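Participant: The structure's right below; bear with me while I get my questions together.
The values are calculated or read from the model by the stated rules, or taken from the named source; none is laboratory data. These numbers come from a predicted model, not from an experiment. Glycine also receives a Cβ, built like all others from the backbone with ideal geometry; neighbour counts cover every protein chain displayed. For the accessible areas, the whole protein counts, side chains as well, though only heavy atoms, and no ligand, DNA or RNA atoms are used. Shrake-Rupley method; radii C 1.70, N 1.55, O 1.52, S 1.80 Å.
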Amino acid sequence: MLPSERKIYLKETLERLIGSFEPSGKCEATIIERVVCDGYVRERVELSAVSGLSFAAYVLIPDGYEQTTIPAVLAVHGHGYGSREIVGLNFDGTVDENPPGIHQHFALQLVKRGLLVIAPDIVGFGEHLLEADLTEDGLAPSSCYKMSTQLLMLGKTLTGLRVMESRLVLDYLASRPEVDAERLGIMGFSGGGLISSITAALDERLKAVVLTGFTSTFKESIIAVDHCICNHIPDILLYAELPEWIGLIAPRALFLESGEHDPIFPKQGFCKVWKTSGRFMKRRMLPINCPQTYSLAYMRLAADIPMIGWRRP
């Protein structure tokens, strides 16, 4: 099988493995709130990808874009309390004035670079939990286990639902008048990296991709270390290891970041990806080491690398 034929084959296989969902057929949004912040405007919108299942997303719009369209980024959070964790808010929607946690408010880093950013609540987190998991304090960890096990019984995966909602978000993003639909990117952290990698592999509207705190091999991470069940996709290893799945993004711009002491996506797995990735894409190593905490400086670097030429003058 020629490399080009295998790439088509793997993309078709990936869509089948994650499962399909009947779309709602629309990307209309209802604005819930609009807040003027320092250097940007923050909107909260409600969207729906599957009939009967709605979710909210924050849209961060940088000041000064009025005379032109601007590039936009889909920011995908990992395990935590949802989209608020990456837009500088506490779980209750108040401003987070404490030092940022592991997500480092990375959506704010993107909007400060002149990019329009959308940060949805990934299904299973934040306000996008099952009703049975919602609590008054908003700190229910996730609905990953219940949703994953139930969907697996139907031949579907939670990853498939998350990817579908992400692609609906891209539809909405591309429809906004401020956005240059030819310059869309995605950045995912940890479990958000899984969603981002598959969304980018299947949707070529995404021209630039950042995967941070995720890149490894299945053998070194998902199999070797206890992970949330939402990371598991039945049969996926029968077809390819993770580096080749990520390689489906090529030849588009891709930046990979790994923590030096990441306990669940270990450095050795990342190094194996790097050694084998030359088979799938052109590459360039940056001489930096990132700590487990994914410092703000490295989040800023990750936000900059694939967006070269995207920032407003």
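Participant: How about the stretch 243-254: which of its residues are under 14 Å from residue 187 (Cα atoms) and open to solvent by less than 20 Å² (accessible area, probe 1.4 Å)?
Facilitator: Within the stretch 243-254, 246, 249 qualify.
Participant: Applying the selection to the stretch 196-242, what residues are touching a Pro at 6+ places or on another chain (Cβ under 9 Å), open to solvent by 10 Å² or more (accessible area, probe 1.4 Å) and either under 15 Å from residue 159 (Cα atoms) or outside any loop (DSSP other than H, G, I, E, B) (or both)?
Facilitator: Matches in the stretch 196-242: 207 only.
Participant: A further question follows. Could you give me the residue pairs with C-beta distances under 8 Å whose first residue belongs to the stretch 6-31 and is aromatic (Phe, Trp, Tyr), whose second residue is surrounded by 15 or more Cβ atoms within 10 Å (Cβ to Cβ) wherever it lies, and which are 6+ apart or on separate chains?
Facilitator: Listed pairs, sorted by first residue: 21/49; 21/50; 21/156; 21/160; 21/161; 21/164.
Participant: Could I ask something else about it? Regarding residue 31, is this residue of a type in the set (A, V, I, L, M, F, W, C) and open to solvent by 60 Å² or more (accessible area, probe 1.4 Å)?
Facilitator: Spelling it out, residue 31 is indeed of a type in the set (A, V, I, L, M, F, W, C) and open to solvent by 60 Å² or more (accessible area, probe 1.4 Å).
Participant: Considering the stretch 94-116 alone, what residues qualify as being out of contact with any Pro (no Cβ under 6 Å at 6 or more places or on another chain), open to solvent by less than 30 Å² (accessible area, probe 1.4 Å) and among the small types (Gly, Ala, Ser)?
Facilitator: 107
Participant: Considering only residues of the stretch 208-228 that are in contact with a strand residue (DSSP E or B) (Cβ under 6 Å, 6 or more places away or on another chain) and of a type outside the set (S, T, N, Q), which is farthest from residue 110 (Cα to Cα)?
Facilitator: Of everything passing the filter in the stretch 208-228, 213 is farthest from residue 110 (Cα to Cα).
Participant: Could you please give the count of residues in the stretch 243-273 that are over 19 Å from residue 7 (Cα atoms) and in a helix (DSSP H, G or I)?
Facilitator: 6
Participant: Can I ask one more? If I go through the stretch 146-160 residue by residue, how many of them are in contact with a helix residue (DSSP H, G or I) (Cβ under 6 Å, 6 or more places away or on another chain) and not polar (S, T, N, Q)?
Facilitator: Residues in the stretch 146-160 being in contact with a helix residue (DSSP H, G or I) (Cβ under 6 Å, 6 or more places away or on another chain) and not polar (S, T, N, Q): 4 in total.
Participant: Next question. Give just the number: which of (1) more than 23 Å from the chain's Cα centre (by Cα); (2) of a type outside the set (A, V, I, L, M); (3) assigned to a loop (DSSP other than H, G, I, E, B) does residue 5 not satisfy?
Facilitator: In the conditions (1) more than 23 Å from the chain's Cα centre (by Cα); (2) of a type outside the set (A, V, I, L, M); (3) assigned to a loop (DSSP other than H, G, I, E, B), residue 5 misses (3) alone.
Participant: Related question: Exactly one of these conditions fails for residue 160: (1) assigned to a loop (DSSP other than H, G, I, E, B); (2) open to solvent by less than 10 Å² (accessible area, probe 1.4 Å); (3) in contact with a Gly (Cβ under 9 Å, 6 or more places away or on another chain). Give me its number.
Facilitator: Going through (1) assigned to a loop (DSSP other than H, G, I, E, B); (2) open to solvent by less than 10 Å² (accessible area, probe 1.4 Å); (3) in contact with a Gly (Cβ under 9 Å, 6 or more places away or on another chain) one by one, residue 160 breaks only (1).
Participant: Here are some conditions: (1) in a loop (DSSP other than H, G, I, E, B); (2) on the phi < 0 side of the Ramachandran plot. Residue 14 meets all but one. Which one does it not meet?
Facilitator: Only one criterion is unmet by residue 14, namely (1).
Participant: Residues being under 11 Å from the mean Cα position of the chain (by Cα) and among the basic types (Lys, Arg): count how many of those fall in the stretch 187-237.
Facilitator: Of the residues in the stretch 187-237, 0 are under 11 Å from the mean Cα position of the chain (by Cα) and among the basic types (Lys, Arg).
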